[in-house]
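See structure below.
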Amino acid sequence: MSVTESIHVDGEWRTAAAGGTREILDPADATVLAVVAEGDAVDTDAAVAAARRAFDSGPWPHTPVADRVALLRRVADLLQRDREEIALHESRDAGKTLEEGRVDVDDVTSAFRYFADLVSNISGRVVDAGSPDVHSVVVHEPVGVCAMITPWNFPLLQASWKVAPALAAGNTFVLKPSEITPMSTLHMVRLLVEAGLPAGVANLVTGPGDPVGARLSEHPDVDLVSFTGGLVSGVKVARAAAPTVKKVALELGGKNPNVVFADACATEEGFDLAVDQALNAAFIHSGQVCSAGARLIVEESVRDRFVTEVAARARRIRLGRGTEKDVECGPLVSAQQLAKTEAYVASALDEGAVLRCGGERPEPSEVRPVEGFFYSPTVLDNCHRGMKVVREETFGPILTVETFADEDEAVALANDTEYGLAGAVFSADTARARRVASRLRHGTVWINDFHPYLPQAEWGGFGKSGIGRELGPHGLAEYQETKHVYENLRPAPVRWFGG
């Protein structure tokens, strides 16, 4: 299999300077999908130098907003043109179903269109200086060279949340996708080129976090580093960025509570909704979602019936290749992630959890090859905050169950986490649901729903879930510097020192 030229520097596609390569595997059967370049610090330095030149001397930062907006909209149209091809990349590369891949492409398209609309309507702010002899304005300018490090679970979506606002603001960038799921990101960069983005504005280096991500984080010519991934890696990024005092944005995941009150289950319709959403919260993309509702916190009086039904439905989830018809859930992304999931379940059982379903690799079949990285949706009952599986982000198809007696206990349990990315409240009592939502220390809180997001609304978390926000007006502001311009319309000597 030939090596894909997956490093893009100053408008040219190339292989790695040192000749390194990496095999990209299909997680459904561990076969090789592609062989891509494995970049290193030399490739990274070249990409940063290209982005620096493009920002300091190139046209993009000074391109009129209307022209930047037009390019973003062309990219959105191209994404829709290639929707099926990109969805297939996401399915074969990251293991998700084709339908999930299609939804991701639509969401990426929405992100590009949203930031095109947003930047069209943002202008400077006139500041009243209290004098007719002063003209004072606050304006927004691009940050400069942006480093973007993205994860493997939503390769294209997470890249778009960084690329779209960065381009809208007039920045240049170097993008490092996850080394195990780069294919859809390569496709997006090709679309940027097709849409007419000048050479050097968009640069891409495929390769591992060390050395590529590490070099981007520490590089003195990078003005901002935006990272989405795990807590341990995020701390390393922040530490590496500190000596150069560059801007840092971190989205580091979560351990997200899904609080279900008994009144939500008072009717059959309400019960069915809450059960259905508990499954969606925990098992979409095999739980490989930073906002997954992996902690089910259910009121004691309905716990037995609720958990029994969740487990029964979880057993019926159809696993298989994401490209196969009627498959509802694909494999984990890698052998490493499969082993990690197995270890979390084993530790939970050792600590006293009760296995209600799953807890094993499923039997192989035509759509679930024995070589694939599949794990059955797993429900663990009788869990508590002392357990590792409850404290740490598992990023697998694992749902833990905790119970509460009253509203205060529910809030205390939901907030008892070092993370604070997302959470949900299910209740038929609107006042209670809103009251609990206001008390939760999480960046996104859903009421009687789980997982939807809007490009117009900021995304990010409290605590160790990260620093900064993506999407919404703040998502654009992350890629802008704010400047105050004070103009004296009638300058005269101050004579502070006499003379």
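The values are calculated or read from the model by the stated rules, or taken from the named source; none is laboratory data. Owing to the predicted nature of the structure, the values given are computational and were not obtained by experimental measurement. Virtual Cβ from ideal backbone geometry, glycine too; neighbours counted across all protein chains shown. These accessible areas exclude ligands, DNA and RNA; they are computed on the full protein's heavy atoms, side chains included. Shrake-Rupley method; radii C 1.70, N 1.55, O 1.52, S 1.80 Å.
Annotations for the structure displayed:
- Nearest 10 degrees, 0 to 90: helix 155-169 Cα axis against the chain principal axis: 20
- Spacing of the two label points (7 Å from each Cα toward its C-beta) at Trp13 and Gln80, in nm: 2.6
- Accessible area per residue in Å² at 1.4 Å probe, computed on the chain: 40
- Across the chain, the relative contact order, built from alpha-carbon pairs under 8 Å that are at least six residues apart, equals 17 percent.
- Using R0 = 30 Å, the C-beta based FRET efficiency linking Val103 and Ala312 works out to 0.70.
- Global form of the stretch 389-461, assessed from the alpha-carbon gyration tensor, a/c cut-off 1.5: oblate
- Within the stretch 32-47: backbone nitrogen closer than 12 Å to the Thr244 label point (7 Å, Cα to C-beta): 44-47
- With eigenvalues of the C-alpha gyration tensor scaled by 5 and rooted, the stretch 135-270, Å: 31, 19, 19
- Prolate/oblate/rounded label for the stretch 1-116 (Cα gyration tensor, a/c 1.5): oblate
- Annotation: Ile122 carries an accessible surface of approximately 70 Å², with a 1.4 Å probe and no ligand, DNA or RNA atoms counted.
- Over the residues of the chain, the helix contribution to mean residue ellipticity at 222 nm works out to -12000 deg cm²/dmol, using -39500 (n - 2.57) for each DSSP H run of at least 4.
- Relative contact order for the stretch 169-216, counting Cα pairs under 8 Å that sit 6 or more residues apart, in percent: 53
- Computed over the stretch 256-314, the P(r) tail beyond 16 angstrom holds 37 percent of alpha carbon pairs.
- Dipole orientation for the chain: of the candidates His285, Pro165, Val345, Pro165 has the Cα lying most toward the positive pole (charges on Cβ; Lys, Arg +1; Asp, Glu -1).
- Diagonalising the gyration tensor over the Cα atoms of the stretch 222-265 and scaling each eigenvalue by 5 before taking the square root yields semi-axes of 35, 10, 7 Å, largest first.
- Residue separation of Thr31 and Asp210 scaled by 0.36 nm, minus their Cα-Cα distance, works out to 61.9 nm of gained length.
- Here's the picture: charge each Lys and Arg Cβ at +1 and each Asp and Glu Cβ at -1 in the chain, and of Leu25, Ala405, Leu204 the one pushed furthest to the positive end of that dipole is Leu204.
- Residue separation of Ala431 and Lys483 scaled by 0.36 nm, minus their Cα-Cα distance, works out to 14.4 nm of gained length.
- Degrees, to the nearest 10: 41-56 long Cα axis against longest axis of the chain: 50
- Within-15-Å neighbourhood charge of Leu355 [Cβ basis; K, R +1; D, E -1]: -2
- Multiplying the residue separation of Asp326 and Val235 by 0.36 nm and subtracting their alpha-carbon distance yields 28.7 nm.
- Normalised by residue count, the chain yields a Cα convex hull volume of 178 Å³ per residue.
- Principal axis extents of the Cα atoms in the stretch 54-95, from largest to smallest and rounded to whole angstrom, are 40, 20, 9.
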